[in-house]
Amino acid sequence: MEKSMRNLPKTSEPCIMVIFGATGDLTARKLMPALYNLNRENLLPQEFACVGFARREKSNEVFREEMLQGLKEFSRSKPEEDDTWSAFSERLFYHQSPFDQDEGYEALKKMLSDLDAKFGTKGNRIFYLSTQPSYFPVIVEKLKSHKLIYDKNSSGPWSRVIIEKPFGHNLESAIGLQKHITQFLTEDQVYRIDHYLGKETVQNLLVFRFANSIYESLWNNRYIDNIQITVSEELGIGTRGKFFEEAGILRDIVQNHMMQLLSLVAMEPPVSLKATAIRDEKVKVLNAIRPIDLAQFEKQVVRGQYAAGRIEGQTVAGYREEKDVAPTSEVETYVAMKLHIDNWRWFGVPFYLRAGKRLAKRCTEIVVNFKPIPNILFQQASHNNDNNVLAIRIQPNEGIALRINCKVPGTAMPIQPVKMDFRYDAFTGVQPPEAYERLICDAIWGDNTLFIRWDEVLASWTLLTPVLDRWQKDPKPPLDSYTAGSWGPESAANMLMDEGTAWRSI
Ligand SMILES: NC(=O)c1ccc[n+]([C@@H]2O[C@H](COP(=O)([O-])OP(=O)(O)OC[C@H]3O[C@@H](n4cnc5c(N)ncnc54)[C@H](OP(=O)(O)O)[C@@H]3O)[C@@H](O)[C@H]2O)c1
């Protein structure tokens with residue numbers, strides 16, 4: 001039976017999770033802390049074990065010690081604060097093998113079957129591919145040929161595969177990868193992860209829109225002037241120069257995270273909270289985005305790259321001076337786009353997206369700008385483009401703010417915008433779970449609502465691959481420089497100014 005997104009205690013079935021790439025950065029920073037915290041909160045099945053799979057030789061003991069160090073550094077709750085680590089660590093194991101070697105998979109099979117006998121995990125498997133994307137095909141193929149992935153519909157144990165982003169680096173490679181993996185897996189065995197969907201504030205978008213009658217009636221082109229989505233970071237590319245040189249911000253942030261935010265903001269109400277219903281509505285929105293008009297390209301897409309500047313009083317290097325970056329690199333660290341959704345709800349409402357590194361501050365935010373009031377009663381307010389703005393802050397300071405006009409006390413009638421602000425931390429008083437906790441929990445539970453379906457990936461690459469292609473073709477569109485610590489290139493501000501508006505935050 002299809003699972004639905006709901007807030008019930010989840011009773012998961014016994015299983016073993018195998019993490020491919022278990023000595024990597026993501027496992028130490030996110031995956032192991034997520035498993036540890038789920039275990040602490042009794043959200044893992046009683047019958048559970050985890051096997052780390054990677055190339056380097058090491059014993060179980062060394063692997064456990066490394067994971068413990070990772071938890072001390074990265075986990076939201078620290079292992080020294082309670083006594084759950086010791087029992088949890090006894091369920092962690094390490095398996096050494098290159099990803100492409102058959103013997104490694106045979107040995108893994110034997111190991112998993114021994115662990116089934118020891119922990120009662122009943123043959124159920126989650127394979128988490130936390131590796132370079134070039135390894136996804138070989139791992140899936142080997143898992144299938146060694147019968148570690150089961151045929152669907154068998155009434156026996158289940159197997160699921162979580163695939164890290166990126167799923168392809170353009171339309172063609174994504175289709176190639178999809179064709180390859182579907183020889184071995186059915187769509188409902190594939191869990192394509194985008195950790196943004198595990199964030200509380202992103203899930204709250206659905207609740208905010210569909211559990212409050214007051215907003216839904218305003219959520220259309222009659223009342224909304226434009227919607228802006230910003231994903232900005234103060235940080236540069238740090239030690240990820242090699243990775244970023246091949247990716248750029250369009251692939252790293254826009255193609256996945258921002259398209260997901262856009263689809264949740266713009267989707268129609270789903271008929272239920274079942275995964276299929278929600279994903280059907282998301283994909284309809286993505287498919288309704290008007291293709292980029294290549295003849296008007298520079299009015300719709302701006303790209304930039306940071307030059308040296310100052311952030312928090314410190315001088316920081318420009319992108320081309322960063323480690324592992326070519327001194328003549330043309331990779332974009334900033335992108336701004338104007339999109340239109342051609343459906344009845346959104347026709348005529350521009351969606352402005354911007355994402356960048358080394359910007360003035362770190363923030364992920366959706367800003368809904370409502371239309372100005374008629375210029376009849378309060379001219380001051382009708383001329384002010386900034387009134388009636390709703391901001392949904394995804395991170396940091398998670399919450400929702402609404403700007404409304406108020407009368408300033410006194411005998412005259414001056415008007416001033418004020419802000420009504422809801423903050424998550426004040427509401428719950430508890431630290432929300434990390435995105436990976438929610439997503440791993442859902443994968444064990446068998447609920448793929450918060451994972452990305454293939455047609456969503458396809459729609460997103462179909463829209464954005466022409467942008468990547470256009471950047472490669474002569475005459476190349478400008479790559480505008482911006483000072484680190486600013487809000488991006490002037491051309492991005494001009495793009496909105498030409499339409500009589502501006503980027504906002506409240
Ligand atoms: N790091 C992040 O914050 C982050 C965020 C979002 C998504 N991701 C995605 O998550 C994935 C993993 O990222 P990561 O940063 O953890 O990568 P990483 O630090 O480079 O780790 C790669 C892992 O793969 C193993 N490996 C590489 N080649 C192998 C081979 N031929 N045979 C066996 N093992 C091999 C390495 O094992 P050895 O060390 O033993 O060689 C290591 O455990 C990538 O797809 C990335 O795009 C990462």
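Just so it is clear, none of the values below were taken in a lab; they were calculated from the coordinates. Keep in mind the model is a prediction, meaning the values are calculated, not measured. As a convention, Cβ positions derive from the backbone with ideal geometry for all residues, glycine included, and neighbour counts pool all protein chains shown.
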Crossing angle, helix 102-119 versus the chain [Cα axis fit, 0-90 degrees, rounded to tens]: 80
Cα-based reach from Lys282 at 28 Å (exclusive), listing lysines while leaving out same-chain residues under 8 positions away: Lys3, Lys10, Lys30, Lys152, Lys165, Lys179, Lys199, Lys274, Lys299, Lys338, Lys357, Lys371
Surface/4 estimate of mean projected area, convex hull on alpha-carbon atoms of the chain, nm²: 26.3
For the stretch 341-353, Karplus couplings with θ = phi - 60° (6.51, -1.76, 1.60), whole Hz, Gly/Pro x: 10, 8, 9, 5, 5, 10, 4, x, 9, x, 10, 9, 10
Ile19 long-range amide H proximity, modeled H, under 5 Å: Val51, Gly52, Phe53, Tyr128
Net charge dipole size for the chain [Lys, Arg +1 and Asp, Glu -1 on Cβ; Debye, nearest 20]: 760
